[in-house]
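Values quoted throughout were computed directly from the atomic coordinates according to the rules given, and no laboratory measurement underlies them. These figures come from a predicted structure and were not determined experimentally. Cβ atoms come from the backbone with ideal geometry, glycine included; neighbour counts cover every protein chain shown.
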Amino acid sequence: MTFLLTLYVLIWPVVVAGVLFVISRAFFRELRAAKAEGRSVI
């Protein structure tokens, strides 16, 4: 039981890092596309 609880606690930073990576990658892709088109991101 302790192993499962430890695994549960330690997996959250991996999940959060993965989500942050995906969001950041999409944002910078949009930023580059906007800059190439000469428009604002906002």
Restricting attention to segment 1-24, and to residues there that are surrounded by 10 or more Cβ atoms within 10 Å (Cβ to Cβ) and of a type outside the set (A, V, I, L, M), which single residue is farthest from the chain's Cα centre (by Cα)?
-> Thr6
Hey, Glu30 exposed (fewer than 10 other Cβ atoms within 10 Å of the Cβ) and either in contact with a strand residue (DSSP E or B) (Cβ under 7 Å, 6 or more places away or on another chain) or acidic (Asp, Glu) (or both) or not = no
